[in-house]
Amino acid sequence: MYRRCMLLESFEFLLTPTTPLARKYGFLYSSIALRHRYNRCKKMWLPHLKNCQDIFLDTVKTLPQKKHVVVLGSAHLHEIPLHLLMDNFERVTLVDVIHPLKHHLQAKRYKRLQLVTMDLTNSLDKIDKLENLEDLTQLAQDLAKEKIFHFDADLIVSANLMSQLALLPLDAVERKIKRPLELAEKDQICTQFAQVHLQNFANCTGKKLIYSDREVIYRDPKGEVIYTGHYPVNFMGYEKLKEWYWTLAPLKEASKDYSIEMKIEAYSK
Ligand SMILES: C[S@@+](CC[C@H](N)C(=O)[O-])C[C@H]1O[C@@H](n2cnc3c(N)ncnc32)[C@H](O)[C@@H]1O
């Protein structure tokens, strides 16, 4: 059984279409790891997944027409399953830097499902050249002046993606300067990348729905909080729909020393 799983996974690694950038930055590995974590944790994730589906369905009810939906950061569509998208819209577009093999196969089968493979930060091809934090701050400022993406649809969903956008650029700088960045330095970059995302997202044409983790909480085995992280993002112009807590990694999932919980917030515009 174990050998069969290993074999299937090797095929998945070999057969999943990837761009050189996605391979270089380990997105294929992360994508497969995310699916495994989902399989291990899905019971704990159920309340989070239900919240995502409920706010999606409530938003769909408010739409004057349902021709086209776009999901940014679609990954495996754990949060809004493909059947809900296909049942409610004539056309479905999934956008991510990497798409799982099953979505490639489904896109071949269903003409009304389209995959767009792109870097929604437009930064990944530039991070090799970053020498220090000042370069990264400058890059974030330059990106703020660009139109990085634009989608026109009845509904555009940014699906738990925003907090991840600065992670690889931050890693790249830490490797170059050979020291971990201070939390305040990381927060500043995360905020800049999140604002650039929100700005491009807000300029898309159609109803917008975004949910994202806004706070991370680490607890020790006794349940005591040992770390809380949050970076400020301005959602001005958006309507807050709901917030909830998601146990992303119970104790012993990511570490035997702590569990990881996220505060998720959902907004529409
Ligand atoms: C936490 S997952 C989103 C979960 C997903 N909504 C679901 O229901 O399974 C974040 C996704 O963002 C994608 N991502 C991260 N950085 C990206 C970037 N720069 N451009 C496009 N997608 C990116 C990752 O590949 C990953 O699939």
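The values are calculated or read from the model by the stated rules, or taken from the named source; none is laboratory data. None of the values given here were measured: they were computed from a predicted structure. Cβ coordinates were reconstructed from backbone atoms using ideal geometry, including for glycine residues, and neighbour counts include every protein chain displayed. Ligands, DNA and RNA are excluded from the accessible area calculation, which covers all protein heavy atoms including side chains. Shrake-Rupley method; radii C 1.70, N 1.55, O 1.52, S 1.80 Å.
For every residue, the table says whether it meets (1) open to solvent by 80 Å² or more (accessible area, probe 1.4 Å); (2) within 16 Å of the ligand (Cβ to nearest atom); (3) aromatic (Phe, Trp, Tyr).
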| residue | (1), (2), (3) |
| --- | --- |
| Glu12 | no, yes, no |
| Thr16 | no, yes, no |
| Phe27 | no, yes, yes |
| Ser31 | no, yes, no |
| Asp58 | yes, no, no |
| Val71 | no, yes, no |
| Glu79 | no, yes, no |
Handout entry: Among residues of the range 33-54, those that are away from the ligand (no atom under 11 Å from the Cβ) and either among the polar types (S, T, N, Q) or not in a helix (DSSP H, G or I) (or both), counted
Key = 2
Exercise for the section: Note down all Cβ pairs under 7 Å where the first residue falls in the range 72-90 and is within 22 Å of Gln164 (Cα to Cα), the second is open to solvent by 30 Å² or more (accessible area, probe 1.4 Å) and within 11 Å of the ligand (Cβ to nearest atom), and they're at least six residues apart or on different chains. Expected result: Ala75/Leu34; His76/Leu34; His76/Arg35; His76/Tyr38; His78/Tyr38; Ile80/Gln53
Exercise for the section: Would you mind finding the one in Ile210, Ile127, Ile189 that is within 12 Å of the ligand (Cβ to nearest atom), among the hydrophobic types (A, V, I, L, M, F, W, C) and either assigned to a helix (DSSP H, G or I) or open to solvent by 20 Å² or more (accessible area, probe 1.4 Å) (or both)? Expected result: Ile127
Handout entry: Some residue of the range 218-235 being in contact with a helix residue (DSSP H, G or I) (Cβ under 9 Å, 6 or more places away or on another chain), at pLDDT 90 or above and small (Gly, Ala, Ser)
Key = no
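So that you can scan it fast, the table gives a plain yes or no per residue for (1) under 24 Å from Leu14 (Cβ atoms); (2) among the hydroxyl-bearing types (Ser, Thr, Tyr); (3) within 16 Å of the ligand (Cβ to nearest atom); (4) open to solvent by less than 40 Å² (accessible area, probe 1.4 Å):
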{"position": "Leu63", "(1), (2), (3), (4)": "no, no, no, yes"}
{"position": "Lys67", "(1), (2), (3), (4)": "no, no, no, no"}
{"position": "Leu85", "(1), (2), (3), (4)": "no, no, yes, yes"}
{"position": "Thr93", "(1), (2), (3), (4)": "no, yes, yes, yes"}
{"position": "Ile98", "(1), (2), (3), (4)": "yes, no, yes, yes"}
{"position": "His104", "(1), (2), (3), (4)": "yes, no, yes, yes"}
{"position": "Thr117", "(1), (2), (3), (4)": "yes, yes, yes, no"}
